[in-house]
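> Encoded as structure tokens, here's the structure I'll be asking about.
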Amino acid sequence: MSTRYIPHIIYTIAITSITTHLLNQRKSFEDQRYHIRTHISLLESTVSRLRAGEEVDGEVYERIERMKREYEVDRSAARGVRVDEKEVIGWREVLLGNRSGSGESRSESGPSEWEKRDLERVRQEIEKESSSS
């Protein structure tokens, strides 16, 4: 490959990366706008019911809280990161793999479920080989 094509390759990769990022941002903003509109309509209907003197049951408050939690989980899932309710994972943890908040890395917290499955599979294969010999 000739070196004269390298700038064109870099430009192509940069343009592709930028357009993908902009598309992702646009979709994220649309999702955020939709969520905010539905949340506002739910809150407005709750406020109007309270002002009218109607009794609002706890189910409405649970629904508001559930919407808030579901939105946070959906946004993190869209980015490919699974978080619990109180856990926040930043880019540093994503790229470097260590968790600064808890002070322990994944390797210190014990084997993952995938590692356990692999170990079990290897153990079963060894047992089959030793029993057939």
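> Which condition number does Glu30 fail, the rest of (1) touching a residue at least 24 places away in the same chain (Cβ under 8 Å); (2) among the acidic types (Asp, Glu); (3) over 19 Å from Arg66 (Cβ atoms) being met?
(1)
> Which residue out of Gly103, Gly110, Gly80 is modelled with pLDDT under 85 and closer than 30 Å to His21 by Cβ? Working first, answer last.
Values: Gly103 fails: closer than 30 Å to His21 by Cβ; Gly110 fails: closer than 30 Å to His21 by Cβ.
The conditions single out Gly80.
> Look at Tyr61 and say whether it is out of contact with any Pro (no Cβ under 7 Å at 6 or more places or on another chain) and at pLDDT below 80.
On the way: out of contact with any Pro (no Cβ under 7 Å at 6 or more places or on another chain): yes; at pLDDT below 80: no.
No; evaluated as a whole, the condition is false for this residue.
The values are calculated or read from the model by the stated rules, or taken from the named source; none is laboratory data. Keep in mind it's a predicted model, so treat the numbers as computed, not measured. Counting neighbours? That spans all protein chains shown, and the Cβs are built from the backbone with ideal geometry, glycine included.
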